[in-house]
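**Q** Just passing along the structure, written as structure tokens.
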Amino acid sequence: MNNLAVEVKNFSKRYGSITAVDRISFNVYRGEIFGLLGPNGAGKTTTLECLEGLRRADGGTLKVMGVDPAREQRRLLALIGVQLQTGSLPGYIRVGEAMRLFSAYHGVEPDYALLKRLGLEEQLNVQYHALSTGQKRRLALALAMVHRPAVLFLDEPTAGLDVSTRIALHELMAELRAEGTTILLSTHDLAEAESLSDRVAILLAGKLVAVGTPRELTSAGEGLTKVSVCTSGNSLAGLSLPGVVHKAEQDQYDVFFTASPGPTVAELISRIDSAGDELIDLRVERPSLEERFMELTGKQVMKRDENNGQAWKVRNDQLML
């Protein structure tokens, strides 16, 4: 049995003279959460929309559960659930009516419990135009999930959601994954992607620059591991170790940055013991996916600048020309 839920091979998409996605390839396995990351304009939404059958690829091959999204749309719609980055419903349709309509289309019973979990149980008779932005996004999520699709596409699903609804969504995603649903998640929240995704792909300017588990990507970078140490006698103050950056004490902790956390921790403990000091707390923090993301995008920006003579800069999660 083919274990691939989504197959992307040499996929390209152009808008006039602009190449939005340039010959990228990756696979998504059944039952995994796959994060699609990248700055604004990287090609994430274009890739999702072509997989969802909303746009046609200009090159390469796309498959969703073995189905060609452009040529077999009827079969595709029975297999996927989609929450778009931006979307809308008729202004006067009520929340309960939308749930019944989508459920009837997919041949399933309305899932009012799902609306309750997403905080919409009191809005069943409220018309769509009267919902807040956050409530509209929650309704879109519920409608995308109602038929428990084989593949669920989520484009910035937590944008505009409050903390409790965000937590409820994360729990739902975990449940769907446990049931075998494959989830493609596009998000600017890198902490969310790191905690939820089995694997992630990073796009930059239409190119695929990295694919792997969050741990694989963070361990492959140049980011330094942070080691924070608190002792009763402050014996590590002013300590200098080869290849280790020691920052001034922060909240009674000495903070070290190192590319070799194991040997560094061992040396620090040895120094504490030799000084007759007492270790109160020791914390080791790996580089985050966000740090790795900025490292990757920063390198690619430099390369693009050298090749094309264009001035690019990175600010937060946006790449701007």
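Read-outs: derived from the displayed coordinates by stated rules, not from any lab. Only a predicted model underlies this, so the values are computations on that prediction, with no experimental measurement involved. No Cβ is skipped: glycine too gets one built from the backbone with ideal geometry, and neighbour counts run over all protein chains shown.
**Q** Can you work out ³J(HN,Hα) from phi for every residue in segment 225-231, in order, using Karplus 6.51 cos²θ - 1.76 cosθ + 1.60 and θ = phi - 60°, giving whole Hz and x for Gly and Pro?
**A** Calculated HN-Hα couplings, in order: 7, 8, 10, 10, 10, 10, 10 Hz.
**Q** Roughly speaking, what is the stretch gain from S17 to A104, that is 0.36 nm per residue apart minus the C-alpha to C-alpha distance, in nm to one decimal?
**A** 27.1 nm
**Q** What does the helix-only formula give at 222 nm for the chain: each DSSP H stretch with n ≥ 4 adding -39500 (n - 2.57), the total divided by the residues, and the result rounded to the nearest 500 deg cm²/dmol?
**A** About -10500 deg cm²/dmol.
**Q** Could you order the peptides 234-242, 134-142, 64-72 from most to least packed, using the average number of other C-beta atoms within 10 Å per residue?
**A** Ranked by mean Cβ neighbours within 10 Å, highest first: 134-142, 64-72, 234-242.
**Q** Which order results if Y105, Y253 are arranged by neighbouring Cβ count within 10 Å, fewest first?
**A** Exposure proxy ranking, most exposed first: Y105, Y253.
**Q** Kirkwood hydrodynamic radius for segment 224-285: how many Å is it when counted over pairs of different Cα atoms?
**A** 11.3
**Q** Answer with one residue from P39, Q73, L51: the one whose Cα lies farthest towards the positive end of the charge dipole of segment 26-86, charges on Cβ with Lys, Arg +1 and Asp, Glu -1.
**A** Q73
**Q** Please report, ordered by residue number, every helix of the chain (full DSSP H runs) that is 20 Å or longer along its axis going by C-alpha atoms and whose mean Kyte-Doolittle hydropathy reaches -1.0.
**A** On the way: long enough: 163-178 (23 Å, 0.42); 289-308 (28 Å, -1.38).
Result, helices passing both filters: 163-178.
**Q** Which value, in debye to the nearest 20, gives the size of the charge dipole of the chain about its Cα centre, when Lys and Arg are +1 and Asp and Glu are -1 at the Cβ?
**A** Rounded to the nearest 20 debye, it is 1560 debye.
**Q** Multiplying the sequence separation of N10 and R148 by 0.36 nm and subtracting their Cα-Cα distance, what value in nm do you get?
**A** Using 0.36 nm per residue and subtracting the Cα-Cα distance, I get 46.7 nm.
**Q** Same structure again: Apply 1/(1 + (r/R0)^6) to the Cβ-Cβ distance of Y92 and E121, taking R0 = 25 Å, and write down the FRET efficiency to the nearest 0.05. Please list the in-between numbers first.
**A** Values: r = 20 Å, r/R0 = 0.82.
In this case the efficiency is close to 0.75.
**Q** Does segment 85-215 come out rounded, prolate or oblate, given a ≥ b ≥ c as the square roots of the eigenvalues of its C-alpha gyration tensor, rounded meaning a/c under 1.5 and, failing that, prolate meaning a/b above b/c?
**A** Prolate, because a/c is 1.5 or more and a/b exceeds b/c.
**Q** What pairs from K63/K207; K9/K44; K63/K136 go past 26 Å between their alpha carbons? Walk me through the intermediate numbers first.
**A** On the way: K63/K207 19 Å; K9/K44 15 Å; K63/K136 30 Å.
As for pairs spanning more than 26 Å Cα to Cα, those are K63/K136.
**Q** Any idea which of Y105, I167, V151 is furthest toward the positive side of the dipole for the chain, if Lys and Arg beta-carbons carry +1 and Asp and Glu beta-carbons -1?
**A** Y105
**Q** Further question on the same structure: For T213 and D281, what is the calculated FRET efficiency with R₀ set at 25 Å and r taken between the beta-carbons, to the nearest 0.05?
**A** The value I calculate is 0.30.
**Q** Also, I was wondering about something else. Quick check: pseudo-label points 7 Å beyond the Cα along Cα→Cβ at D198 and Q252, how many nm apart are they?
**A** The answer from the label model is 4.4 nm.
**Q** Separate question: Quote the relative contact order of segment 4-218 in percent (integer), defining contacts as alpha-carbon pairs under 8 Å separated by 6+ residues.
**A** Computed over segment 4-218, the figure is 29 percent.
**Q** Still on this structure, please answer the following. As an exercise, use a Förster radius of 51 Å and the Cβ-Cβ distance of A70 and N234 to find the FRET efficiency, rounded to the nearest 0.05.
**A** Using R0 = 51 Å, I get an efficiency of 0.20.
**Q** So how strong a dipole does segment 1-69 carry about its Cα centre when Lys and Arg Cβ are +1 and Asp and Glu Cβ are -1, to the nearest 20 debye?
**A** 120
**Q** Can you list the equivalent-ellipsoid semi-axes of segment 1-146, largest first and in whole Å, using the square root of 5 times each Cα gyration tensor eigenvalue?
**A** After diagonalising the Cα gyration tensor, the semi-axes are 31, 18, 14 Å.
**Q** Work out, step by step, the length gained on full extension between D162 and A130: first 0.36 nm times the residue separation, then minus their alpha carbon distance; give nm to one decimal.
**A** Using 0.36 nm per residue and subtracting the Cα-Cα distance, I get 9.7 nm.
**Q** To continue, here is another question. Arrange the following residues from fewest to most other Cβ atoms within 10 Å of their Cβ: R117, R56.
**A** Exposure proxy ranking, most exposed first: R56, R117.
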